[in-house]
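Everything below concerns the one structure shown next.
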Ligand code: DOR
Ligand code: ZN
């Protein structure tokens, strides 16, 4: 196939930040994507419906003229989140999901949840009103190896939670292991998973072989090759429980290229080209639309997008910038380490 048209994609996990970074990055998503679930881990985090409404306005204001992108807002779950506020947020149509960050798991997660018991009143309300919980599925205890954080989370936090509240809809975000894939597949209902672009392309060698490469460092950290292969099989299978959440997470270069660099990979610029490459390699270009444009809306109970994009395979490789410039500084764009030939030809 040299050219094909799919429904416009959505990104079910995206970091847009705020201020000058937001202004610098939002156009890279709104160019190709109709909607995205916006992560709430700002400083300070988006914890109330009023915070989310104000943040949504800032995002809409930062959009390039003419883009009809729709930000889908989330709330950052804390041990003090008010169930009534969450319910109001859902009723008003503003809030699409609530995000669980185990405290200390990643960027700006220190205000997250330490004791799940304290979050139960909100989680029970969410189960009742049908509001999904998006989870950063990693434990943070220092005695757990960082490469095992996801598997231990499933066993010690997620499965007990789902047994306690089977009606709660849970999105396991940025699944990075075969354990995560198997767990999602084994669930009878109310569990789905998002997969990032970069975890379909890199394994942990990208970060560590031949020198430390901070632009391949993210959380959950990329795992060994067998896990990457499991992610690729799930993403390209067409299984409705798996969909795209890029977790595109911009940090300006000085915050990545230093002694204690931030976690996050910026993929918004070339995500569709990278994904078409991966799906082509797997002989599954016909499944790309399910992954990027159909499965996510079905899970979140939203209509699919009516407009479409056309992907074209170019003979020459497609040039993407190494970095984008923002008012806060340069941000390095994800380098898949192979030439990209797929391009988004038109938006219509
Ligand atoms: O790599 C990551 N970066 N993982 C996350 O969970 C958070 C994100 C960020 O906000 O930078
Ligand atoms: Zn994220």
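Read-outs: derived from the displayed coordinates by stated rules, not from any lab. Remember, it's a predicted structure, so these values are computed and weren't measured experimentally. When we count neighbours, we look across all protein chains shown, and the Cβ atoms used for this are built from the backbone with ideal geometry, even at glycine.
Miscellaneous remarks
- Fully extended contour minus Cα-Cα distance, from residue 18 to residue 225, at 0.36 nm per residue: 71.1 nm
- A full extension of the chain between residue 253 and residue 43 corresponds to an added length of 73.7 nm, given 0.36 nm per residue minus the alpha carbon distance.
- Cα-based shape type of segment 157-267, given that a ≥ b ≥ c are square roots of the gyration tensor eigenvalues and the cut on a/c is 1.5: prolate
- Note: relative contact order over the chain, using C-alpha pairs below 8 Å and six or more positions apart, is 19 percent.
- Cβ-derived FRET efficiency at R0 45 Å, residue 315 paired with residue 91, nearest 0.05: 0.30
- Under a Gaussian network description of the chain, with springs only between Cα atoms under 10 Å, the residue in 121, 250, 132 that fluctuates furthest is 121.
- Helix-only mean residue ellipticity at 222 nm for the chain, each DSSP H run of n ≥ 4 adding -39500 (n - 2.57), per residue, nearest 500: -8500 deg cm²/dmol
- Pairwise FRET efficiency - residue 117 versus residue 345, Cβ, R0 = 45 Å, nearest 0.05: 0.30
- Angle in degrees between helix 49-62 and the longest Cα principal axis of the chain, rounded to the nearest 10: 10 degrees
- Using alpha-carbon coordinates, inclination of helix 271-281 to the longest axis of the chain, degrees: 70 degrees
- Cα gyration tensor category, rounded, prolate or oblate, for segment 3-347 with a/c compared to 1.5: rounded
- Of 199, 110, 136, the one that fluctuates the most in a GNM where the chain has Cα springs shorter than 10 Å: 110
- Peptides 21-33, 304-316, ordered by how many other C-beta atoms sit within 10 Å of their residues on average, highest first, read 21-33, 304-316.
- Highest-MSF residue in the chain out of 204, 213, 241 [GNM, Cα springs under 10 Å]: 213
- Förster radius 30 Å - calculated FRET efficiency between residue 164 and residue 298 (Cβ-Cβ, nearest 0.05): 0.70
- Structural descriptor for segment 123-177: relative contact order 52 percent, calculated from alpha carbon pairs under 8 angstrom and at least 6 residues apart.
- Relative to the longest principal axis of the Cα atoms of the chain, helix 225-235 runs at roughly 90 degrees.
- Segment 3-347: antiparallel DSSP beta bridges as a percent of all, rounded to 5: 35 percent
- Average Cα contact separation per residue, segment 27-178, under 8 Å, 6 or more apart, as relative contact order %: 20 percent
- Cα-based shape type of segment 70-228, given that a ≥ b ≥ c are square roots of the gyration tensor eigenvalues and the cut on a/c is 1.5: prolate
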